Amino acid sequence: LRPFHHREPGILGVALLEPELSLELIVDGVHLHPATVRLFYQLKGPEKLILISDGMSPAGLPDGNYTGVDGDLCLRDHKLLDQRGRLAGSTLTLEKAVQKMVQEAGVPLTEAVRMATYNPACLLGVDQVQGSLASGKAADLVVLDEDFRVVCTLVKGRVVFLNEFLCKKMLNIIPVFAENNI
């Protein structure tokens with residue numbers, strides 16, 4: 001993406017000015033500065049921002065050297081670099097993107113969650129079956145604790161991941177699992 005310039009705003013200028021266009025944001029603190037994220041939020045609002053990860057294979061792993069489909073990668077201080085030292089992608093996960101929107105950009109939690117769930121479903125035209133919780137929808141759900149750690153994941157109403165340690169700390173969700181024989 002060519003940078004925004006005051007004499008030649010380019011595609012970013014068009015995307016910010018056109019109300020029907022959505023922006024996809026990689027909110028990892030590397031691709032976008034928190035002030036830039038706040039600016040985009042103020043200009044586009046919560047309905048036209050979509051959180052994406054651009055996650056590469058080292059997502060969730062510690063700093064180190066990794067091999068990707070395009071060659072060797074180096075992960076240092078949340079920056080994933082290729083052999084030439086250029087930004088190669090991200091190691092961001094969506095729960096961390098939501099966390100950064102809330103804690104660094106000052107976005108309300110409900111709006112940050114919308115940007116990671118409902119907005120992408122709308123853009124893809126699948127919002128009638130995914131992207132929110134409602135009768136007749138897929139019942140895909142990620143439960144986070146107060147520190148934005150994934151406690152459990154449900155796909156089509158079935159538990160596919162359960163962090164038992166975190167689950168025990170969140171006593172208020174255990175009765176829900178018990179009722180559903182989980």
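List the GluC sites (Glu not before Pro) in segment 83-142 that DSSP assigns to loop (not H, G, I, E or B) and whose Cβ has at most 16 other Cβ atoms within 10 Å. Which are they?
E104
For H5, what accessible area in Å² do you get when you roll a 1.4 Å probe over the heavy atoms of the protein chains, rounding to the nearest 10?
Its accessible surface works out to 80 Å², give or take rounding.
Greater than 30 Å separation of Cα atoms is the criterion. Which listed pairs, K79/K168; K48/K96; K44/K168, meet it?
Pairs exceeding 30 Å: K79/K168; K44/K168.
For segment 69-169, how big is Rg over Rh, using alpha carbon atoms and the Kirkwood form of Rh?
On the way: Rg = 16.4 Å, Rh = 15.7 Å.
That ratio is 1.04, to two decimals.
Hey, got a sec? Which trypsin sites (Lys or Arg not before Pro) in segment 1-44 land in a DSSP loop and have at most 11 other Cβ atoms within 10 Å?
R7
If Lys and Arg each add +1 and Asp and Glu each add -1, what is the summed charge of the other residues whose beta carbon sits under 11 Å from the beta carbon of L51?
Working: positive: K96, K100, R114; negative: E24, D28, D54, E95, E111.
Around L51, the charge tally is -2.
Which whole-number percent gives the relative contact order of the chain, counting Cα pairs below 8 Å spaced six or more residues apart?
Working: 260 pairs, mean separation 25.2, N = 182.
This gives 14 percent for the chain.
Under a Cβ-Cβ cut-off of 9 Å, what is the net charge of the residues other than A139 that fall near it, where Lys and Arg count +1 and Asp and Glu count -1?
On the way: positive: K137, K156, R158; negative: D140.
With Lys, Arg at +1 and Asp, Glu at -1, the neighbours total +2.
Considering only C-alpha atoms, what is the centroid distance from segment 1-51 to segment 61-132, in Å?
15 Å
Relative to the longest principal axis of the chain, what angle (0 to 90°, nearest 10) does the C-alpha long axis of helix 34-44 take?
90 degrees
Output the direction-averaged projected area (hull surface divided by four) of the convex hull of the alpha-carbon atoms of the chain, in nm². Intermediate results must be reported in sequence, preceding the final value.
Values: hull surface 50.6 nm².
Taking the Cα atoms of the chain, their convex hull projects to 12.6 nm² on average.
Quick one: pull the percent of accessible area on segment 54-168 belonging to carbon and sulfur, 1.4 Å probe, ligands and nucleic acids left out.
Numbers: 3800 of 7020 Å².
Carbon and sulfur atoms account for 54 percent of the accessible area of segment 54-168.
Put +1 on the Cβ of each Lys and Arg and -1 on the Cβ of each Asp and Glu in segment 32-177; which of A112, V160, Q99 then has its Cα farthest toward the positive end of the dipole?
A112
The values are calculated or read from the model by the stated rules, or taken from the named source; none is laboratory data. This one's a predicted model, so the numbers in the text were calculated from it and none came from an experiment. Backbone-built Cβ (ideal geometry, glycine too); neighbour counts: all protein chains shown. Just so you know, the surface numbers come from the protein's heavy atoms only, side chains and all, with ligands and any DNA or RNA stripped out. Shrake-Rupley method; radii C 1.70, N 1.55, O 1.52, S 1.80 Å.
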